[in-house]
Amino acid sequence: MNYSASAASMAALLLSAAVGAQQPESGAESEVDEVVVVGRSVSTGLVQIEVDREMLVDTATILKDIPGANVNANGPVTGIAQYRGMYGDRVSVVIDHLGVVSGGPNAMDTPMSYASPLITEDLDVTRGVASVSLAPESVGGHMALRLSRGAFSQADAKWSGFAGTRYSGNGNVSTSAGRLTYASTTHKVSLIAAVDDGDDITTPVGVMRPSRLHRERADLSYAFAGNSVDLQLYVGRLDTDDTGTPALPMDIRFIKTDLAGAEGSVEITDGISLNLRAGWNDVEHLMDNFGLRQAPMPMAQRQNFATGAGGQVSADADFELATSRLRIGIDTSTANHEATITNPNNAMFRVDNFVDVTRDVTSAFIEWQRDTSRGDLELGFRVKRVDANAGEVSASGMMGPMGTNVDLLADDFNAANRDLNWDSVDAVVKYRLRMSDDSEWRVELGSKTRAPSYQELYLWLPLQATGGLADGRNYIGGLDLDAERSNEITVGYGQEAGRVTISPQVFYRQVNGYIQGVPSTNMVANMVSQMMSGKPALEFANVDAEIYGIDLAFKVELADQWYIDGIATYARGRRTDVSDNLYRLAPLNASLGLTWENDLLSVMTEIVGYARQDKVSAFNDEQATAGYGLVNAALVWYPTEALRLEARVDNLFDKTYQDHVAGINRANGSDIPVGERLYGAERTLSAGVIFNF
């Protein structure tokens, strides 16, 4: 046991990292009240982080500063959101209220990778059970990002914007961005652009290869604000090139995504308003196992060309009643996926891994809220239909027993019923009791469902295309999968007493039909997997599970310019049908921040502690990790109102550590051996400058 790390973890249990949070400005989330303290928030309902003020390159990393949240990192910009023990498709993530169709079967283009930090205004995380109005599928929580598109002018039309850059000496990582906005009181045109670039990252045990990155993002938008009509239109482009994902079997060679969207609201009468949204994106994605990492033998080289495309449309109406509010909405989304694996040295080799795969969701909801002087009540229901289908698959260029067995798997898949659907009803009940102006209790109940992902269904050949699980095991899908159902209860308390504010929550989730890999009984698939990896396949199946825990945030104002704040998170996940733990859950962790600030200068230091994680999944061959503690420090100076200068040091004492939810190294040629968990970065110095006008 690492006693210094354990001590740091236990001390930090009482505290939280500096979580810059404010009340939301607009959107459905603004209905959630918070306990607000001097521009920061220790929230029982919604946490909002100003992402553009964080010195990082992967926006998902900011989740480590939010109680209950974390990030599964497979590469420098491929963070997968985790909340209270659930991650991936279970957690709803939207950008400007709209989702993104991923192009990669291994989640290399996660939703948060579409929003570089400097161009992201804020990130909202709903604590507890997400309202049914927020998303069709949010069994594991809801997160919403908002891009920085500027504000309308309060008087005459004018130009505004910013230009900024940040640089980290470890890996020569740079992120630069700018925004140019021309706005009047009713019209606004905004152009934003960002470029992120970096070389391989160094850890205390050596260089992590490949961990280089290159990403470019641009967005052009127009907005109109009238007396009773609001409108926003945007088009965007994301280009990610030559970016390493050492925890996955391949690296990103390119991801090219076109995006477009529109949202608007109309106030029909004083008490009735209509909200409309539509979005679309199209992705082309090439990955390989030889371009950025040490290449295998020519006959083992692989490249995978994948595409994803889809759109979504939603409409909802708000009715302000005499003593309550009613919201009714409908929405639909469609997604199409394809993926083909080839060998550049063998023109005959080809695997049609995903062919004409579709996954469509249609749903409707009704949500009723009543606010009184002592308490708020919310009731919500959503009915949902998910349809999925896939075309016929094939493979060629494999000789001998391997080719014969692969053909058998393809024939069995093509002969099976692949036209599938799931019908379900979600329900949410929330009650907030105001004990006084400074304290409240919250009780939230939810019963929500998630239909299987297309990888969990249609992965017919044993491969690691698993939506970013990154456990190194080969999987096959299950065409008979049921939807997951999570029955959850959350109890939260918020208290502001003088200079102290605290907000703990406890939760319990019973997940019926939890989808994970179990040992496959398909002998042909096991033979193919043994020939490829030396291990039999895992098959996606429904099991029973439970996840429970506690998370808290708090702040103590020591003096007019001094305060400490912190978060702590514990989530325990285990199967209830057999004796095993759930895979890739963050261990008990906490952080303590001490800040001094005035109008021009802010200085912060923090201790971050993670406990040992030995509650690991046997079915995933998951490795245990030791506990550790880190010290970070940051300085922000405003020499003028328009200029912001930043400096930061992470891992001040150059601690050697492994983040449990980081992946296992799959890349040859790295200083980290294949099969060993990725290490965290060594001591890293960063600096930045941002000019606003």
Is it the case that the range 465-476 has a residue that's modelled with pLDDT of 95 or more, in contact with a helix residue (DSSP H, G or I) (Cβ under 8 Å, 6 or more places away or on another chain), β-branched (Val, Ile, Thr) and surrounded by 22 or more Cβ atoms within 10 Å (Cβ to Cβ)? yes
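Yes or no, residue by residue, for (1) assigned to a strand (DSSP E or B); (2) farther than 21 Å from Val518 by Cα; (3) touching a residue at least 40 places away in the same chain (Cβ under 8 Å):
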residue	(1), (2), (3)
Ile550	yes, yes, yes
Ala559	no, yes, no
Asp565	yes, yes, yes
Ala568	yes, yes, yes
Ala571	yes, yes, yes
Arg574	yes, no, yes
Tyr583	no, no, yes
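Run down Thr245, Thr175 and say which single residue is of a type in the set (Val, Ile, Thr) and within 27 Å of Val689 (Cα to Cα). Before you say what the answer is, go through the steps one by one.
Numbers: Thr245 fails: within 27 Å of Val689 (Cα to Cα).
Thr175 is the lone residue from the list that is of a type in the set (Val, Ile, Thr) and within 27 Å of Val689 (Cα to Cα).
Can you find a residue that is within 15 Å of Ala525 (Cβ to Cβ), in a strand (DSSP E or B) and touching a residue at least 60 places away in the same chain (Cβ under 8 Å) anywhere in the range 491-501?
Keep residues of the range 491-501 that are within 15 Å of Ala525 (Cβ to Cβ), which gives none.
Looking through the range 491-501, none of the residues is within 15 Å of Ala525 (Cβ to Cβ), in a strand (DSSP E or B) and touching a residue at least 60 places away in the same chain (Cβ under 8 Å).
Condition (residue is closer than 27 Å to Met398 by Cα and either surrounded by 17 or more Cβ atoms within 10 Å (Cβ to Cβ) or in contact with a Cys (Cβ under 7 Å, 6 or more places away or on another chain) (or both)) applied to the range 263-286: is it met by at least one residue? Please lay out each step first, then the result.
Of the range 263-286, the ones closer than 27 Å to Met398 by Cα are 284-286.
Applying the additional criterion that residues be either surrounded by 17 or more Cβ atoms within 10 Å (Cβ to Cβ) or in contact with a Cys (Cβ under 7 Å, 6 or more places away or on another chain) (or both) yields 285-286.
Checking the range 263-286: at least one residue is closer than 27 Å to Met398 by Cα and either surrounded by 17 or more Cβ atoms within 10 Å (Cβ to Cβ) or in contact with a Cys (Cβ under 7 Å, 6 or more places away or on another chain) (or both).
Matching residues to (1) in contact with a Leu (Cβ under 7 Å, 6 or more places away or on another chain); (2) within 20 Å of Tyr458 (Cα to Cα):
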site: Met299; (1), (2): no, no
site: Thr307; (1), (2): no, yes
site: Gly311; (1), (2): no, no
site: Phe319; (1), (2): yes, no
site: Ile330; (1), (2): no, no
site: Pro344; (1), (2): no, no
When the range 75-92 is examined, which residues are found to be of a type outside the set (Phe, Trp, Tyr), crowded, with 24+ Cβ neighbours inside 10 Å and either over 12 Å from the mean Cα position of the chain (by Cα) or in a strand (DSSP E or B) (or both)? Gly75, Pro76, Ile80, Ala81, Gln82, Arg84, Gly85, Met86
Hey, among the residues in the range 517-534 that are in contact with a strand residue (DSSP E or B) (Cβ under 6 Å, 6 or more places away or on another chain) and in a strand (DSSP E or B), which one's surrounded by the most Cβ atoms within 10 Å (Cβ to Cβ)? Gly517
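To keep it simple, each residue is scored yes or no on (1) buried (at least 18 other Cβ atoms within 10 Å of the Cβ); (2) more than 27 Å from Leu248 (Cβ to Cβ).
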| position | (1), (2) |
| --- | --- |
| Ser116 | yes, no |
| Ala135 | yes, no |
| Ser138 | yes, no |
| Arg146 | yes, yes |
| Arg149 | yes, yes |
| Gln154 | no, yes |
| Gly161 | no, yes |
| Thr175 | yes, no |
Working only within the range 231-261, note down all residues that are among the basic types (Lys, Arg), touching a Gly at 6+ places or on another chain (Cβ under 9 Å) and either closer than 30 Å to Val189 by Cβ or buried (at least 21 other Cβ atoms within 10 Å of the Cβ) (or both). Lys256
Condition first: in contact with a Phe, Trp or Tyr (Cβ under 8 Å, 6 or more places away or on another chain), part of a loop (DSSP other than H, G, I, E, B) and of a type in the set (A, V, I, L, M, F, W, C). Now tell me which residues in the range 587-615 satisfy that. Leu588, Leu600
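Out of all the residues in the range 183-202, which are in contact (Cβ under 8 Å) with a residue 60 or more places away in the chain and over 24 Å from the mean Cα position of the chain (by Cα)?
Going through the range 183-202, the residues in contact (Cβ under 8 Å) with a residue 60 or more places away in the chain turn out to be 192-194, 196, 198, 201-202.
Once the filter is applied, which keeps residues that are in contact (Cβ under 8 Å) with a residue 60 or more places away in the chain and over 24 Å from the mean Cα position of the chain (by Cα), the range 183-202 yields only Thr202.
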Filter the range 535-549 for residues that are surrounded by fewer than 19 Cβ atoms within 10 Å (Cβ to Cβ) and of a type outside the set (D, E, K, R) and give the result. Tyr548
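One line per residue, one yes/no per condition, for (1) among the aliphatic types (A, V, I, L, M); (2) crowded, with 21+ Cβ neighbours inside 10 Å; (3) in contact with a strand residue (DSSP E or B) (Cβ under 7 Å, 6 or more places away or on another chain):
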site	(1), (2), (3)
Leu379	yes, no, yes
Ser396	no, no, yes
Met402	yes, no, no
Asn414	no, no, no
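Scan the range 548-582 residue by residue and report those that are under 21 Å from the mean Cα position of the chain (by Cα), of a type in the set (A, V, I, L, M) and within 30 Å of Trp460 (Cβ to Cβ).
Quick first cut of the range 548-582, residues under 21 Å from the mean Cα position of the chain (by Cα) only: 548-553, 567-573, 582.
Restricting the remaining residues to those that are of a type in the set (A, V, I, L, M) gives 550, 552-553, 567-568, 571, 582.
Across the range 548-582, the qualifying residue is only Leu582.
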Go through the range 105-138 and count every residue that is under 27 Å from Ala177 (Cβ atoms) and aliphatic (A, V, I, L, M). 8
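Report yes if Asp371 is more than 31 Å from the chain's Cα centre (by Cα), surrounded by fewer than 15 Cβ atoms within 10 Å (Cβ to Cβ) and over 30 Å from Met532 (Cβ atoms), otherwise no.
Values: more than 31 Å from the chain's Cα centre (by Cα): yes; surrounded by fewer than 15 Cβ atoms within 10 Å (Cβ to Cβ): no; over 30 Å from Met532 (Cβ atoms): yes.
Answer is no for this residue.
The values are calculated or read from the model by the stated rules, or taken from the named source; none is laboratory data. These numbers come from a predicted model, not from an experiment. Virtual Cβ from ideal backbone geometry, glycine too; neighbours counted across all protein chains shown.
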